[in-house]
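The values are calculated or read from the model by the stated rules, or taken from the named source; none is laboratory data. Computed from a prediction, not measured in an experiment: that's the story for all the values here. Note that we place each Cβ from the backbone using ideal geometry, even for glycine, and neighbour counts take in every protein chain shown. Accessible surface areas use protein heavy atoms only, side chains included; no ligands, DNA or RNA. Shrake-Rupley method; radii C 1.70, N 1.55, O 1.52, S 1.80 Å.
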Amino acid sequence: MTNDHEWFKALPGIHEKILIGLYNVGSLRNLASGDVLFREGEGDRTIHLLLKGSLRLLKRSGSTTRQVAVCQPGDVLCESRFFASSGTLTAAVATQAAMVLSFPETLLDSLEPSLSAFLTKKLIDTFQRRLQEHMARQESLSAHCDFMTRFARRSIVERTQDYTQSEMIVGMLKKVPQLPMYASRLAHMLLDAKVSAKDVAALAKNDPSLVSAVLKRVNSAYYNWQKKISDFQHAVILLGFNQVYQLVIADGLRRTMPNTPPFRALHNHSVVISHMAYEIAQLVNRQQASMVSTVALLHDIGKSVLLLMKKQNPKLSVLIDLLDSAKLGSLLLQEWNIPENVCRAVEMQDYPIFSPPDQIPANARLLVAILDVSHQCAELIQGASRENLWKPYNEEWLRVLNLRVKDVESLTRDHLLPSLEKKGGALPEHVRQFLKGIHEKDQALDDTAHDAPQPFP
């Protein structure tokens with residue numbers, strides 16, 4: 001034995017014969033405060049019995065390191081015994097002068113039964129205590145998250161519930177040009193699975209501009225039909241209801257906002273997100289792909305309202321910036337008679353920052369999820385790091401899509417980018433530049449509706 005026999009006192013209830021037996025086969029190590037016993041990821045295949053002092057177990061998370069447990073005398077550490085991982089999941093650092101008795105893991109099976117049983121029981125006791133501490137911490141964190149989610153949601157609701165009573169807000173919404181009636185009516189028609197091409201053609205006859213927009217698209221170079229399509233009903237059949245719906249909403253949206261750099265920037269952003277949402281929806285629910293891309297086209301309409309308000313009330317710019325653009329967008333879409341689930345999705349588009357999916361109404365949940373994931377994909381393409389994209393409920397929102405991808409990075413790399421790159425020249429120029437990682441350039445909106453998400457076959 002050594003003069004350090006006082007550590008016996010720190011391990012009450014353990015027979016001296018067992019301690020002497022372990023001491024004779026183990027390797028004694030003294031640690032000063034701050035010394036590292038093992039590091040996260042190391043292939044440490046050693047059993048450590050803490051005799052004296054204490055150890056902190058640390059875990060890296062991005063660029064930060066957090067404490068996950070504290071080990072006391074009598075604890076036994078051997079993560080490799082419990083996990084299939086090739087390396088340790090944590091790092092162990094002495095918080096004060098400590099003494100550790102270590103054994104090769106392979107020795108456990110060759111020790112005499114009493115020593116092997118002792119170490120095995122200590123291992124189980126240590127991990128059970130860590131598991132109980134983890135569960136208690138998990139319950140505490142869940143309670144904190146639930147409270148913060150309710151607090152954030154209540155704050156938004158309370159802050160925006162009087163918008164409809166504000167003369168300035170109501171007046172400003174009234175001044176925004178209405179979405180063309182045909183666009184609003186067609187939106188409702190195409191939500192009905194029983195609607196026919198004949199029904200759409202009958203509606204179009206009342207608005208020549210709608211006929212012109214659809215015929216212009218179907219006869220564009222992108223489709224390259226052998227013969228020019230001059231019959232509107234034939235064009236609707238060729239394009240498909242969802243594609244017509246997408247085209248009409250995008251064309252109508254153009255008519256509501258001025259052609260100035262700030263509005264073009266918002267529009268270009270919405271077009272980028274719309275293309276991404278369309279491709280993601282193709283993986284999730286092809287029948288709703290054009291509907292989803294339209295929600296993405298409309299999602300920033302509230303920010304356009306803010307720009308209009310600041311343009312007309314420049315002295316109130318600071319106060320106007322405090323308004324919730326998502327709520328304003330939802331109110332404007334209600335003025336335009338857009339379907340309720342679209343309005344709700346636009347209103348709740350920021351909820352994934354602080355809220356799990358089950359807190360969102362079922363009829364808007366998928367729309368919100370695709371919109372949120374589309375933004376994350378766009379930010380990744382522009383060079384954002386995983387750390388900057390982290391939000392507490394990211395994984396839960398990705399699971400809403402029910403895709404066989406483990407994260408947004410793989411969705412972007414393996415599905416989204418290859419699919420968009422195949423479109424080539426069919427994409428608007430500013431979208432192609434965006435996919436290359438080039439920041440948007442100011443571009444005038446043309447009259448061809450080419451910036452709208454393309455109705456890819």
Search the stretch 149-161 for residues being of a type in the set (D, E, K, R) and open to solvent by 90 Å² or more (accessible area, probe 1.4 Å), and hand back the single one that is farthest from Leu319 (Cα to Cα). Arg150
Checking the structure you have, find out if any residue of the stretch 363-386 is more than 25 Å from Ser61 (Cα to Cα), surrounded by fewer than 21 Cβ atoms within 10 Å (Cβ to Cβ) and of a type outside the set (D, E, K, R). yes
Can you name the residue in the stretch 77-91 that is in contact with a strand residue (DSSP E or B) (Cβ under 8 Å, 6 or more places away or on another chain) and open to solvent by less than 20 Å² (accessible area, probe 1.4 Å) and is also modelled with the highest pLDDT among such residues? Ala91
One residue is enough: does the stretch 116-132 have a residue meeting the conditions free of Cβ contacts under 8 Å to residues at least 60 places away in the same chain, closer than 30 Å to Gln359 by Cα and not hydroxyl-bearing (Ser, Thr, Tyr)? yes
So if I check each of Asp109, Asp125, Asp146, which one is within 30 Å of Arg29 (Cα to Cα) and open to solvent by less than 90 Å² (accessible area, probe 1.4 Å)? Asp125
Can you report the number of residues in the stretch 332-343 which are surrounded by fewer than 20 Cβ atoms within 10 Å (Cβ to Cβ) and either among the basic types (Lys, Arg) or under 16 Å from Lys175 (Cα atoms) (or both)? 3
Give all pairs with beta carbons closer than 9 Å in which a residue from the stretch 381-395 that is closer than 26 Å to Val431 by Cβ meets a residue that is open to solvent by 60 Å² or more (accessible area, probe 1.4 Å) and not in a loop (DSSP other than H, G, I, E, B); count only pairs at least 6 apart in sequence or on separate chains. Asn388/Glu379; Leu389/Glu379; Lys391/Ile353
Go through the stretch 126-180 and report how many residues are in contact with a strand residue (DSSP E or B) (Cβ under 6 Å, 6 or more places away or on another chain) and charged (D, E, K, R). 1
Among all residue pairs at least 6 apart or on different chains, which show Cβ distances below 8 Å where the first residue, located in the stretch 135-156, is in contact (Cβ under 8 Å) with a residue 40 or more places away in the chain and closer than 11 Å to Pro392 by Cβ and the second is outside any helix (DSSP H, G or I) and open to solvent by less than 90 Å² (accessible area, probe 1.4 Å)? Cys145/Pro392; Met148/Phe354; Thr149/Phe354; Thr149/Ser355; Thr149/Pro356
For the stretch 262-331, which fully contained helices (runs of 4 or more DSSP H) count at least 2 residues that are open to solvent by 10 Å² or more (accessible area, probe 1.4 Å) and modelled with pLDDT of 85 or more? 301-312, 317-320
If you check every pair at least six apart or on different chains, which have Cβ atoms under 6 Å apart with a residue in the stretch 16-33 that is of a type in the set (Ser, Thr, Tyr) first and a residue that is open to solvent by less than 60 Å² (accessible area, probe 1.4 Å) second? Ser27/Ser102; Ser33/Ala94
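So that you can scan it fast, the table gives a plain yes or no per residue for (1) in a loop (DSSP other than H, G, I, E, B); (2) at pLDDT 70 or above; (3) under 34 Å from the mean Cα position of the chain (by Cα):
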| site | (1), (2), (3) |
| --- | --- |
| Thr164 | no, yes, yes |
| Gln178 | yes, yes, yes |
| Ala187 | no, no, yes |
| Asp199 | no, yes, no |
| Ser212 | no, yes, no |
| Ala221 | yes, no, no |
| Trp225 | yes, yes, no |
| Leu247 | no, no, yes |
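So that you can scan it fast, the table gives a plain yes or no per residue for (1) at pLDDT 80 or above; (2) under 30 Å from Asn388 (Cα atoms); (3) among the hydrophobic types (A, V, I, L, M, F, W, C):
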position	(1), (2), (3)
Thr2	no, no, no
Ala10	no, no, yes
Gly13	no, no, no
Val25	yes, no, yes
Leu28	yes, no, yes
Glu42	yes, yes, no
Gly53	yes, no, no
Gln67	yes, yes, no
